[in-house]
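Q: Sharing a structure with you now.
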């Protein structure tokens, strides 16, 4: 096992040398900790690497260059909405007034942030057609959890605790069934209809006195708007159940469809998708939740309140006894919410409508460019993303979607989401977003068309891609069979020298 | 649209290729009766005006106060290298490293994070991050239930109240959560009541899955962690230690006293307070619990050429693979904050981290001594690291009047723990390496004046007292 190749880096632990670093913090007196009981103290200091700052900087700059990112190239990762992250928003979140504010500072000290949060709640309520919004959930999945807990509280308050089932379509995000389980519900999976939409009759058959909620992603994870949504929502409510909307794809329908107006009872927003807060290599996000009339009493605490004199305050603990309680510490991922607020302000009503229009136009254009080369299982206009399939290509050449995805890396593109949703054979979910130019869309389509031709000509070359990435395909089986999850500093042993 | 690339000609070209007249045609599948009413939002705001608006809003927060507020979130000096590296687009505009060939940077950084935090907590497995300390603790509680197939968890009242409230929310599906009281008086006041814990663990008809205790606890006190671990294990339960990572440079780590799980808030490792997040939920466990730990894990492996490489692994615990059987629903985590913590630790180093922890302890001791000199006494007698509670008459009023004088006098404990009469007059005060001796002198002088109506005698404050008394904006 060698550490070679363009930018591959030794670990911090291999780079460190005893005696390097320092110059950051003044040394306290030697007896600084003498007042602590000996048995409370650490016997052996943690074996953290000792490094000088130039080495640390070089390490992280070189490592960063091993990443594909929105700032380096096209990232058509379906369902993830990898759009441009405005730089103004990074600046704003770092303003000392926002960044240095302590989360337990009294309300009188926090008026700027509280006003921002209150205005953001109002904007999200307007965008979603919901009555009220809580900004507390830290991510979309926690927003789902919040929503499902409110639904549980609603049924319990009505004496309907026997409602223990949550219905989800088979095309849903994995977080939906995982959330239902975490909240103590049983998940019932409903197959999709042939046109990719919800099968209303299958839902009808599963709906009953045990149904607590139905979780729907609209547009769906296939990028399709649920045309039968009105019918479905009617039947859900007739059955005494509530309707949860997974707002992961809200970026496709801004100004066109307000879930609350249409009859959804609760939804979450992925601000790192629709409102462009950076994905950060996996997080942070924020997952605000909007509710209609039925769930209003159960919103998590604390809410942001506006007083008659125009000032703002956080709700006090136990001020609203119907609340499902607290989902996390403090008010929320406020630094993320500052960015979302700036994004909504910069766009305004007109700009947000245009976001969805351009995202949908780009997806349809890109889809049209792939017709004839890849299978397009759903022959109708998509929203912000679409599923293509390499099933025919695989039948002819043995080249799978995974291979096509890996070969895209050699063309300088991040692969799309592959093998999701699970219901499409050899599927790839492609989401171009509204911030990519026609030139980029064309170049990506050209690359996919060329890769399909390569698969016919030289399938082995495609199957062994990528050829230009810092590493080849990885041995994932060994990683899982013999997990090595933590570097063990080799005390006394010679470490491989990086340079 | 401010960030879009499309000219009218581009849009026209795409529409023509699709054989469409208008983009509206692409939304024709939204039923007419369900179409949205017009968005009632302000018009687009150019960046110039928006930046002024944001600066103005930020300016209405009072971050000029000299702060002694901790309560789970601590101000520390962060080397500028941390944020400068974090601002590289290759880090913050990437997503979850699903495609390892073009994500080795993020993957290696997560592996290094797991390793660095593994050193701090002295445990085998560290998840790639959770939302914050409270949710990491809640996930730890659920882990203990899964691993032991029991459904009752005990949490010390010395654990942060927000964490206890979050636990209650997460366990509401029928799991039992009982609070272990704190000792009310005497030398051990404010720490976990070991006799009560023993009694609760002895209720054999209600077997306990896990016991959760914090060190330092919410009141800043050091807890008898080895003894709690011993009692917990004797009852067949798992021990969850809630820890503060900077303190682990000098305090015994969870691995050393046999904790099965460590959870905590990673914010002190180079992350700004920013009114609640994004922070960093630390969650670590022993090897025995590796298949119960929720969240992403990155492991070391090789590529087909035998080159060392990193990859997400043991994915069968996760929601996108296992759906309703997953260990948790977590998907998006706090990866960028884990990166911040790693860069902070790498830059400041093991000696720097010890200096941070020890300097905070020194300043806190100075603060305690100076307050004692003016008659402001601690609520609890036990040892503390860098945070402690004091008793003042009418804490809420004193706190407000000190804000007028430019000081944030910690936390009014009655607001955070309204049910605990022993804390009714309490203020929780913290010091870190950012607390200067001058801050302490001026704060104590202002406290004295607020309490007595006159400046202190014998406390060296010089002009500082008057300056502090008159100044709303005491600058640092």
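Read-outs throughout are calculated quantities, based only on the coordinates presented, and are distinct from any laboratory measurement. Predicted, not measured: the structure shown is a model, and the values here were computed from it. Positions of Cβ are generated from backbone atoms using ideal geometry, with glycine treated the same way; all protein chains shown enter the neighbour counts.
Q: Given R₀ = 45 Å, FRET efficiency for residue B:12-residue A:7 by Cβ-Cβ distance, to 0.05?
A: Values: r = 42 Å, r/R0 = 0.93.
That gives a FRET efficiency of 0.60.
Q: For the residue pair residue A:318 and residue B:38, what label-to-label distance in nm results when each label sits 7 Å from Cα along the Cα-to-beta-carbon direction?
A: It is 4.9 nm.
Q: Fewest Cβ neighbours within 10 Å first, please rank A:268, A:173 accordingly. Please list the in-between numbers first.
A: Working: A:268 31, A:173 25.
Going from sparsest to densest Cβ surroundings: A:173, A:268.
Q: With 10 angstrom as the radius, rank B:368, A:426, B:433 by how many other C-beta atoms surround their C-beta, starting from the fewest.
A: So the residues, fewest neighbours to most, are B:368, A:426, B:433.
Q: Still on this structure: Within the stretch A:435-478, whose backbone N sits under 19 Å from a point 7 Å along Cα→Cβ of residue B:20?
A: Within reach of a label on residue B:20: A:435-442, A:445.
Q: Once you place label points 7 Å from the Cα toward the Cβ at residue A:305 and residue B:397, how far apart are they in nm?
A: 2.4
Q: Suppose a student asked you for the relative contact order of chain B, using Cα pairs under 8 Å spaced at least 6 residues apart; what percent would you report? Kindly include the intermediate steps, with their values, before the conclusion.
A: Values: 850 pairs, mean separation 92.0, N = 476.
After rounding, I find 19 percent.
Q: Further question on the same structure: Give me the distance between the Cα centres of the stretch B:376-442 and the stretch B:99-133, rounded to whole Å.
A: A separation of 36 Å, based on Cα centres.
Q: Given labels modelled 7 Å from the Cα in the Cβ direction, how far is it in nm from residue A:164 to residue B:53?
A: Rounded to a tenth, the inter-label distance reads 5.0 nm.
Q: Also: What number, in percent, do you get for the relative contact order of the stretch B:81-343 if the mean sequence gap of Cα pairs under 8 Å and at least 6 apart is divided by its residue count? Please list the in-between numbers first.
A: Numbers: 528 pairs, mean separation 70.1, N = 263.
Computed value for the stretch B:81-343: 27 percent relative contact order.
Q: Please tell me the relative contact order of chain A in percent, rounded to the nearest whole number, where contacts are Cα pairs under 8 Å and at least six residues apart.
A: On the way: 882 pairs, mean separation 93.6, N = 499.
Relative CO of chain A lands at 19 percent.
Q: Just to confirm the number: angle between the C-alpha axis of helix B:161-170 and the first principal axis of chain B, 0 to 90 degrees, nearest 10?
A: Roughly 40 degrees between the two axes.
Q: A further question follows. Among rounded, prolate and oblate, which fits the stretch A:206-356 when a ≥ b ≥ c are the square roots of the eigenvalues of its C-alpha gyration tensor, a/c under 1.5 means rounded, and a/b larger than b/c means prolate?
A: Details: a/c = 1.79, a/b = 1.14, b/c = 1.58.
In terms of gyration-tensor shape, oblate.
Q: What order do you get for B:283, B:41 when you list them from fewest to most C-beta neighbours inside 10 Å?
A: On the way: B:283 30, B:41 20.
Sorted ascending by nearby Cβ count, the order is B:41, B:283.
Q: Between residue A:91 and residue A:43, what FRET efficiency comes out of the Förster formula 1/(1 + (r/R0)^6) with R0 = 56 Å and r the beta carbon distance, rounded to 0.05? Mind showing how you got there, number by number?
A: On the way: r = 45 Å, r/R0 = 0.80.
It comes to 0.80.
Q: Moving on. Can you figure out the FRET efficiency of residue A:461 with residue A:294, using R₀ = 51 Å and their beta-carbon distance, to the nearest 0.05?
A: Numbers: r = 57 Å, r/R0 = 1.12.
E between residue A:461 and residue A:294, to the nearest 0.05, is 0.35.
Q: Further question on the same structure: Using alpha carbon centroids, what distance separates the stretch B:302-371 and the stretch B:1-51, in Å?
A: 41
Q: Additional query: Tell me the angle of helix B:104-121 to the major Cα principal axis of chain B, expressed in degrees between 0 and 90 and rounded to the nearest ten.
A: 20
Q: Tilt of helix B:437-452 relative to the longest C-alpha principal axis of chain B, in degrees (0 to 90, nearest 10)?
A: The answer is roughly 60 degrees.
Q: Given axes a ≥ b ≥ c from the Cα gyration tensor, I'd like to know whether chain B is rounded (a/c under 1.5), prolate (a/b larger than b/c) or oblate. Provide the component values of the computation, followed by the final result.
A: Values: a/c = 1.84, a/b = 1.26, b/c = 1.47.
Note, shape of chain B comes out oblate.
Q: I'd like the distance separating the alpha-carbon centroids of the stretch A:97-147 and the stretch B:229-298, in whole Å.
A: 28
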